[in-house]
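Every number in this text was worked out from the coordinates using simple rules, so none of it is lab data. Everything numeric here is computed off the predicted structure, so don't read it as measured data. In this analysis, Cβ positions are derived from the backbone assuming ideal geometry, glycine residues included, and neighbour counts consider all displayed protein chains.
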Amino acid sequence: MLAEPALPMQPLTRHLGFTLILLLVFLTAALAAQAWLQRESRRLQVEAVAARRAQFAKALENIHQPPETWDADFQRVLGSLLGGTLTLHSDALPPPRDSPGVGLLAFDYRLPGDHNYTARVTFAAPVASRLAVLHERMLAAIILLALSIVMVSVLLALPRRSLGESGTRPAWDTTRAEMAGLEHFARISVARGEALERESGARHRAEEDLQLSRTLLGQSLEERIQLGRELHDSICQTLYAVSLTLEGLRTRLAGGPGDTAHRLDQCITELRRLNHEVRSFLKELEPGTVHRQPFIEALDSMLGSQPCDAGVRLVRNLDEEATALIAPERASEVVNILREAVSNSLRHGRARTITVHARRGEGTVLLAVQDDGAGFDPAACAAHGHGLANMQARAAALGGAVNVVSTAGKGTRVLLTLPVTSAP
């Protein structure tokens, strides 16, 4: 008597085979997408650190305050301009080497000079990096879900196999169950593709937001620097000159009227002009009225407001052809440079004769302020105050340059060179 042959296990084998194939395809695609997102996240982090480092270096170029005087408020304000926090560490207490934390990036910047200080800037990581971390968690959850589906499919197939062995389950039911499993995995694959597309769109939007933040931060820093330069060179210098003039007039009143009325009229006129200029700053952050004043008038007004003692002479040696090449919209910047030079000659050089020259060179306009004062060392004074740096910055904005030549006891010469093309 022959033994009854066992029923084949082909339906169960096919079911498990299709399930494993789909699972491998899904895992391969998911891991490839994960590797791509991690690579893009690292690239964004490197770019973000490089951009913040460049912004910090640009900010340091316009900060003339030594790091020893950076108190907590100054570090907080500078960190907020960079979109994060800033801490200052000396060589004796270097910055910690631990990680800045989840969702944060940091870099260390060695401050130039002999200060022996290192600044650490910490800021939030780009949005795309945080999306990559979220994607890793989602990937782990989806893998666990896929393994659970495989286990459930195997457990459900075992009772059906027993029914098939007893001859009570039709072959059509087995095929329909296999097709239902394939449909389920197909839906999961489609949903996964849509999720990846949404994440990619979010990453692009995050990159655009980061670029916009960089642009706004750069504009804010430039506006702050320009406003400080205008306040120092125009308003502060004028107020100082008027105050010295009034102090001198107070002394002269005891000895007789002399030219007191004329000097008082000059001070009143200059104060009115300064008041109008301050109102222009408040409205537009730019003194528009002064920018439209002819150069000769602006220069005469500036020289007339200087607090000159009885023994001080202001000499004008101006070539009309050269001064005519300075456009009214550039007159304010040029006069501010000359004001700084004349004020330094009076305040620091204690000069008795100050001469303002203007002549035309080959393709250039040359303006100079020459005095017979005490002189100074330009290299030693460059690290203190903002006057020399502001003159250089204003000249560069006009396409020109400032050259300062001074020797102790032999006076000072400030030479401003402007291209002819800067005028209309």
Exercise for the section: Would you order W70, W36 from fewest to most other beta-carbon atoms within 10 Å of each residue's own beta-carbon? Expected result: W36, W70
Problem - Neighbour-count ranking [beta-carbon atoms within 10 angstrom, fewest first] of M179, M302 - result: M179, M302
Problem - Distance between modelled label sites at L239 and S200, nm, 7 Å Cα→Cβ extension - result: 5.8
Practice task
Give the peptides 41-54, 389-402, 91-104 in descending order of average Cβ contacts within 10 Å, highest first.
Solution key: 389-402, 41-54, 91-104
Problem - the range 309-424 - Kirkwood radius from inverse mean 1/r over Cα pairs (Å) - result: 14.4
